[in-house]
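Let me begin by presenting the structure, written as structure tokens, before commenting on it.
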Amino acid sequence: MSNNKIIILGGATASGKSSLALKWAKEQGGEIINADSMQIYRELDILTACPNTDELNAVPHHLYRYLKGDDPCSAERWRDLARGVIDDVHCRGRVPIIVGGTGLYLKALVNGLSKVPEIDPVIRKQVRAEVNEFGAEASHNKLLKIDPEMASRLAPNDSQRIARALEVVLSTGRSLAAWQQEPEFGGLADEEFQIEKFVIERDRADLYARCDLRFKKMIEEGQAIEEVKRLLLLGYDANLPVMKSLGVPQLIDFIAGKSTREQAVTLAQTATRQFAKRQMTWFRNQFSDWEKHNL
């Protein structure tokens, strides 16, 4: 067996990635590495469809439930964590199988990232404090004045990316958009690895039905709502990525009495289908040369 083989499996939410990765890991002596930006957090097992205990025990899994929800993970940070795990897995003579739906993570791993200089910690702290105090929309308006190009790319409620764009332009004097045009480096493609890249493809109607059914089961089994209640007890900032995970905002509204359970489920299912559609578009556009695996 080649000691530099890497398998990468991407696809939309509810497409069946985890089950297929587990099957391949058993067949090929593999270990699974998470590339899902929500499954990396330890507070959400149910709503992120994290592998269950039996699956986690069947073969080694890495970078699942790895960080606390108030410790945001960037694509660069995940890429560096994943590279370390890949080396460890190869040292054991096994095959790393990277699986997830976060396209930016997979792109960072394979192609690398443009290097943005270190951000002045004083500016970073100030920007984050202002975003928290005045809100995403006001911060987006500020970004619009000093970096209209990045502002045009970001939704007015995307507080994390708005904060990132602001801290970059204020710290470096240059738009994040300009930095992103710099040559990418640090990717697997720059090294001597045997990389097999796959994207799961499902019929869209089938995928949407799977999204709806999975969320319905999460609610009916009674654990998803309890999971969000436990998350709320931690007092995390509402702008953290973990607080915006699929289903979380809708269930928070239900718990607060702002909607019925049926309304929360319907809204969460809609949000999940929309997210799956965006993922499919990303993989089709960004990874058009990856091998398609139909399920």
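Only the coordinates and a few stated rules stand behind these numbers; no lab work does. Not measured: the values here are computed from a predicted model. So basically every Cβ, Gly included, is an ideal-geometry build from the backbone, and we count neighbours across all protein chains shown.
Only helices (runs of 4 or more DSSP H) whose full extent lies in segment 1-114 are considered here, and the ones with at least 1 residues that are touching a Pro at 6+ places or on another chain (Cβ under 7 Å) and free of Cβ contacts under 8 Å to residues at least 60 places away in the same chain are 75-91. Of the candidates R204, R164, R174, the single residue that is closer than 19 Å to I123 by Cβ and surrounded by fewer than 17 Cβ atoms within 10 Å (Cβ to Cβ) is R174. Taking segment 60-101 as the range and being more than 14 Å from the chain's Cα centre (by Cα) and of a type in the set (G, A, S) as the test, the residues that pass are G84, G93. Listed conditions (1) more than 17 Å from E43 (Cβ to Cβ); (2) not aliphatic (A, V, I, L, M); (3) not in a loop (DSSP other than H, G, I, E, B) are all met by E227, apart from (1).
Can you say whether V122 is of a type in the set (V, I, T), outside any loop (DSSP other than H, G, I, E, B) and farther than 28 Å from E227 by Cβ, as far as the supplied structure shows?
yes
Take D206 and tell me if it is under 22 Å from the mean Cα position of the chain (by Cα) and either within 26 Å of I8 (Cβ to Cβ) or assigned to a helix (DSSP H, G or I) (or both). So D206 does not fit the description; no.
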